[in-house]
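Structure first, commentary second.
The values are calculated or read from the model by the stated rules, or taken from the named source; none is laboratory data. These numbers come from a predicted model, not from an experiment. Glycine gets a Cβ as well: all are built from the backbone with ideal geometry, and neighbour counts include every protein chain shown. For the accessible areas, the whole protein counts, side chains as well, though only heavy atoms, and no ligand, DNA or RNA atoms are used. Shrake-Rupley method; radii C 1.70, N 1.55, O 1.52, S 1.80 Å.
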Amino acid sequence: ARSSSGARPLVCFSSGHGEPSLDQGGPSGLAALADRLTKNNYEVVEIEPLRTSEDKSAIDRCSVFVLAGPTDPVPAEDAASMRAFLDKGGSALLVVGPVPDEKEEGYLDLGVADLLAHAGVAAQSDFIFELNPMHRSSQGFGETFLPIPKAHAITDGLIRAAERDKGLAVVVTVAGSLVPTKASAAAPAPLLVTSEDAFGMADFLAWARDPVA
């Protein structure tokens, strides 16, 4: 992959909101992803929190901006910079799941509602469980599941690879629901979906203290 200028596309990962770093290994780290992107001819960098960076234009040089798994709220100034990047035609990947608050009585407001609204979707305060045995892990209650890829240019390679290797699948753990808002010029397209047997548990944190089937 190359940009129109011939330079390697620049993939920028955010920092300063509790995201894992590009150097962090293991199943929750980004090191393996960063290595894979680099081997596929992308330039991968981690940029400072936009509110504290001396280079306010750093995000504008990104081919793709990635907000990967924040566990702290994104301050309004950072979110505004990200939104401005999108408004100018920038591409972004937001990977955001439910994060309990300190008292574990509700979920943190991660400050990304406006960014999601730009894409025509809203995040629900729930916790997804997949009940279909063909699309969930045999361990746990269904919080780890195998979403179903929908036909799209983005998922085409994944679908073709899964057809060649039936054991190949995307694995998701700890996710919340997204719903279309119809309040944006963007027309969101589903890429990965649960089965019809899945549901989003609204009172997950209360249930987690005394889980039953």
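Does segment 37-47 include one or more residues that are open to solvent by 30 Å² or more (accessible area, probe 1.4 Å) and closer than 15 Å to GLY69 by Cβ?
Within segment 37-47, one or more residues are open to solvent by 30 Å² or more (accessible area, probe 1.4 Å) and closer than 15 Å to GLY69 by Cβ.
For LEU10, only one of the following conditions fails: (1) under 26 Å from LEU108 (Cα atoms); (2) in contact (Cβ under 8 Å) with a residue 12 or more places away in the chain; (3) surrounded by 16 or more Cβ atoms within 10 Å (Cβ to Cβ). What is its number?
Tallying (1) under 26 Å from LEU108 (Cα atoms); (2) in contact (Cβ under 8 Å) with a residue 12 or more places away in the chain; (3) surrounded by 16 or more Cβ atoms within 10 Å (Cβ to Cβ), LEU10 fails exactly one: (1).
What do you reckon, is SER53 small (Gly, Ala, Ser) and either modelled with pLDDT under 90 or not in a loop (DSSP other than H, G, I, E, B) (or both)?
Details: small (Gly, Ala, Ser): yes; either modelled with pLDDT under 90 or not in a loop (DSSP other than H, G, I, E, B) (or both): yes.
Criteria met by SER53.
Residues being in contact with a Phe, Trp or Tyr (Cβ under 7 Å, 6 or more places away or on another chain) and assigned to a strand (DSSP E or B): count how many of those fall in segment 56-73.
3
How many of the residues making up segment 153-164 are closer than 21 Å to ALA92 by Cβ and surrounded by 14 or more Cβ atoms within 10 Å (Cβ to Cβ)? Break it down into steps so the answer makes sense when it comes.
Here is the first cut: in segment 153-164, the ones closer than 21 Å to ALA92 by Cβ are 153-158.
Checking which are surrounded by 14 or more Cβ atoms within 10 Å (Cβ to Cβ) leaves us with 155, 158.
So the answer is 2.
Looking at LEU33, LEU50, LEU110, LEU93, can you tell me which residue is within 17 Å of the chain's Cα centre (by Cα) and crowded, with 17+ Cβ neighbours inside 10 Å?
That would be LEU110, the only listed residue that is within 17 Å of the chain's Cα centre (by Cα) and crowded, with 17+ Cβ neighbours inside 10 Å.
Can you spot a residue in segment 74-88 that is open to solvent by less than 20 Å² (accessible area, probe 1.4 Å) and part of a strand (DSSP E or B)?
No, that holds for no residue.
Which condition from (1) surrounded by 16 or more Cβ atoms within 10 Å (Cβ to Cβ); (2) out of contact with any strand residue (DSSP E or B) (no Cβ under 7 Å at 6 or more places or on another chain) is the one that VAL99 breaks?
Checking VAL99 against (1) surrounded by 16 or more Cβ atoms within 10 Å (Cβ to Cβ); (2) out of contact with any strand residue (DSSP E or B) (no Cβ under 7 Å at 6 or more places or on another chain), the one that fails is (2).
When segment 165-213 is examined, which residues are found to be over 21 Å from the mean Cα position of the chain (by Cα), loosely packed, with under 12 Cβ neighbours inside 10 Å and of a type outside the set (Gly, Ala, Ser)?
ASP165, LYS166, GLU196, ASP203, ARG209, ASP210, PRO211, VAL212, listed by residue number.
Given GLY142, GLY111, which one is in a loop (DSSP other than H, G, I, E, B), touching a residue at least 24 places away in the same chain (Cβ under 8 Å) and more than 28 Å from LEU86 (Cα to Cα)?
GLY142
Does THR194 satisfy the criteria of being in contact with a strand residue (DSSP E or B) (Cβ under 6 Å, 6 or more places away or on another chain) and of a type in the set (S, T, N, Q)?
no
So how many residues does segment 23-79 have that are closer than 23 Å to ALA113 by Cβ and of a type in the set (A, V, I, L, M)?
Number of matching residues: 10.
Which of the numbered conditions does SER195 fail, given that it passes all the others? Conditions: (1) in contact with a helix residue (DSSP H, G or I) (Cβ under 7 Å, 6 or more places away or on another chain); (2) at pLDDT below 95.
(2)
Residue check: is ALA80 aliphatic (A, V, I, L, M) and in contact (Cβ under 8 Å) with a residue 40 or more places away in the chain?
Spelling it out, it is not the case that ALA80 is aliphatic (A, V, I, L, M) and in contact (Cβ under 8 Å) with a residue 40 or more places away in the chain.
State whether one or more residues within segment 126-142 are among the hydrophobic types (A, V, I, L, M, F, W, C), touching a Phe, Trp or Tyr at 6+ places or on another chain (Cβ under 9 Å) and open to solvent by 40 Å² or more (accessible area, probe 1.4 Å).
yes
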